Amino acid sequence: MEPIRKVILTRSDAEPWWFFEDWQKDIVKIWEYEKESEAIQKYKTEISRLRNKFPNVKTKNYQSIVFWNPEEMEFCEACDDDVQIYHGIILFEDEQPMKVDEKLKGELKVLIEND
């Protein structure tokens, strides 16, 4: 059986690569694909959309990318302070972050830096 690839959109007070307990509660949307090429195309589309919407961006191994606006803060009752809100995008394969090869890293780097 072909592995399922997922593009996962999150909204959280933590970057998407931390995978804290119950991180799934931060999922806003999931797209599922059988073909790797379709998942990668959706990932790129969402990166471009988020890059155009938010001024700040950071990545970890290009399999997860976070976008944010420093002015988008929410009060955290548990920590009794304001926290930054992050919009993350993660590329998954077989229920774990997908390995991103050097060619794709280069393509994603251009998207992140030039949009």
What pairs can you find where one residue is in the stretch 33-44 and without any contact (Cβ under 8 Å) to a residue 24 or more places away in the chain, the other is not in a helix (DSSP H, G or I), and their Cβ atoms are less than 9 Å apart, with a gap of 6+ or different chains?
Gln41/Tyr33
Among the residues of the stretch 27-74, what is the count of those that are more than 13 Å from the chain's Cα centre (by Cα), under 26 Å from Asp94 (Cβ atoms) and among the basic types (Lys, Arg)?
1
Using the structure shown, decide if Leu104 is touching a residue at least 40 places away in the same chain (Cβ under 8 Å), assigned to a helix (DSSP H, G or I) and farther than 13 Å from Arg5 by Cβ.
no
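In this structure, does Asn69 turn out to be free of Cβ contacts under 8 Å to residues at least 24 places away in the same chain, surrounded by 14 or more Cβ atoms within 10 Å (Cβ to Cβ) and at negative phi? Lay out the reasoning, then the answer.
Values: free of Cβ contacts under 8 Å to residues at least 24 places away in the same chain: yes; surrounded by 14 or more Cβ atoms within 10 Å (Cβ to Cβ): yes; at negative phi: yes.
Yes; evaluated as a whole, the condition is true for this residue.
Among what's in the stretch 72-91 and is outside any loop (DSSP other than H, G, I, E, B) and of a type in the set (A, V, I, L, M, F, W, C), pick the residue that is surrounded by the most Cβ atoms within 10 Å (Cβ to Cβ).
Step one: of the stretch 72-91, the residues outside any loop (DSSP other than H, G, I, E, B) are 73-76, 81-84, 86-91.
In the following step, the residues that additionally are of a type in the set (A, V, I, L, M, F, W, C) were identified as 73, 75-76, 83, 89-91.
Working: Met73: 14, Phe75: 9, Cys76: 11, Val83: 14, Ile89: 24, Ile90: 24, Leu91: 27.
My answer is Leu91.
Read-outs: derived from the displayed coordinates by stated rules, not from any lab. As the structure is a prediction and not an experimental result, all values here were calculated from the model. Using ideal geometry, Cβ is built from the backbone for each residue, glycine included, and neighbour counts are taken over all protein chains shown.
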